[in-house]
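Notes follow the structure.
Since every read-out is calculated from the coordinates, none of them should be taken as a lab result. For clarity, every value in this text was computed on a predicted model and none was experimentally measured. Cβ: placed from backbone, ideal geometry, glycine included. Neighbour counts: every protein chain shown.
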C-alpha cells in the first residue's frame, strides 16, 4: 500500500503541533460547473437495471394527396434508440487512527474533498461529449470569432433543432478570443448608442457555476475542462440540452467508511455510478478554436 494519510506525512500541515487551525486550510481547486442541468437526466436508482434507453422518434414526410384517391401505402415509422450503460467512478483515501484522532480535521473533510474530485470527473465526462458531435464550425489553429458562434446557431436552426441552446466554451476561448471579437460581424449594432455588447446581450465575467450570460439568446458557460483535439484545438460546443446529451445515474456521489483494524485506520471510499452519452447527434455542433 501507499499514500496512506498518516501522522508522519501530514504533521506539518494538518496537526496542532504546528499551530495550524482547521479554519485556515485552503481548499483544493475544482471546477464547480454542474453540467447535469444541461442534459437529459434519468435516474435508475430504483430499477433493477444498469442501463437506460433514449428512444428517438423518426422524422416523417407528408405529401400532396389527390381527392378521391385512397391512401394505400403506410408511411414507415421506425424509431431508433440510444442505450447508456452506467459505470463506476471514484477514489479511496486511507486515514490512520493516529491522524484521525490527532489531526485538526476528521474523516468528513477527506470525504468532502474526494467528493469534489468525483463531481469534477462527472463534469469532465459530460463536457467531453461535445468532441463527438459530427458537425462542426471553426477552423483549426484559428481563434474563435463571433461569426463562428453565429454559424453554430445557424447550423442548429437550419437542422430544425428547437431551442433553447447552450454554448460551453473553454475559459481561454471565451476571454482571449471571443469577447474581443464581439461586434465585428454586426458593427452596426452600436449605432443606437447602447454599444455592441449591450445590443447582442451583455456578457459579464463568469459567475457561480461557470455561467457568463447570454450571447444572441444562447446561454453561455465557460470551463477549463473543455478538451483538445489532435491539433491542440479546443473542442467547444453548442447544443440543445433537452435533446443532445444524456446522463443516467444509478447512485449519486456516495462516501463510505470501511474499517481496517489491522492497519489501525479507515478507508474513505467515494464513488458514483452513472453514464453519459450523445442522445441526438444532430442537436449539437462542435466549435473548434485555437488552443494557444
>> For Cα pairs less than 8 Å apart in space and 6+ apart in sequence, what is the mean separation divided by the residue count of the chain, i.e. the relative contact order in percent?
In response: 30
> Once every DSSP H run of n ≥ 4 in the chain is given -39500 (n - 2.57) and the sum is divided by its residues, what mean residue ellipticity at 222 nm do you get, rounded to the nearest 500 deg cm²/dmol?
Replying inline: -5000 deg cm²/dmol
> With axes computed from alpha carbons, what is the tilt in degrees of helix 107-128 against the longest principal axis of the chain, rounded to the nearest 10 within 0 to 90?
Replying inline: 20
> Taking only the alpha carbons of the range 224-264, what extent do you get along each of the three principal axes, in Å, biggest first?
Replying inline: 51, 29, 15
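Taking only C-alpha pairs under 8 Å that are 6+ residues apart, what is the relative contact order of the range 1-145 in percent? Please report the intermediate quantities before stating the final value.
Values: 101 pairs, mean separation 53.6, N = 145.
Here the relative contact order equals 37 percent.
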> Angle, helix 146-158 long axis vs. longest principal axis of the chain, Cα atoms, 0 to 90°, nearest 10?
Replying inline: 60
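Can you run the Rg to Rh ratio on the chain? Use alpha carbon positions and the Kirkwood inverse-distance Rh.
On the way: Rg = 24.8 Å, Rh = 22.4 Å.
Over the Cα atoms of the chain, Rg/Rh equals 1.10.
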> How long is the gain from residue 175 to residue 88 if the chain were fully straight, where each residue apart is worth 0.36 nm and the alpha carbon distance is subtracted?
Replying inline: 27.9 nm
> Which residues does a label at residue 214 reach in the range 115-152, if reach means a backbone N under 17 Å from a point 7 Å past the Cα toward the Cβ?
Replying inline: 150
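Compute the length gained on full extension between residue 128 and residue 65: take 0.36 nm times their separation in residues and subtract their Cα-Cα distance, giving the result in nm to one decimal.
Working: separation 63, 0.36 × 63 = 22.68 nm, distance 4.66 nm.
Roughly 18.0 nm would be gained on extension.
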> Among rounded, prolate and oblate, which fits the range 68-147 when a ≥ b ≥ c are the square roots of the eigenvalues of its C-alpha gyration tensor, a/c under 1.5 means rounded, and a/b larger than b/c means prolate?
Replying inline: oblate
> Quick one: if you stick a label point 7 Å off each Cα along the C-beta vector at residue 81 and residue 28, how many nm between them?
Replying inline: 3.9
>> Could you give the length gained by full extension between residue 73 and residue 4, i.e. 0.36 nm per residue of separation minus their alpha carbon distance, to one decimal place?
In response: 17.8 nm
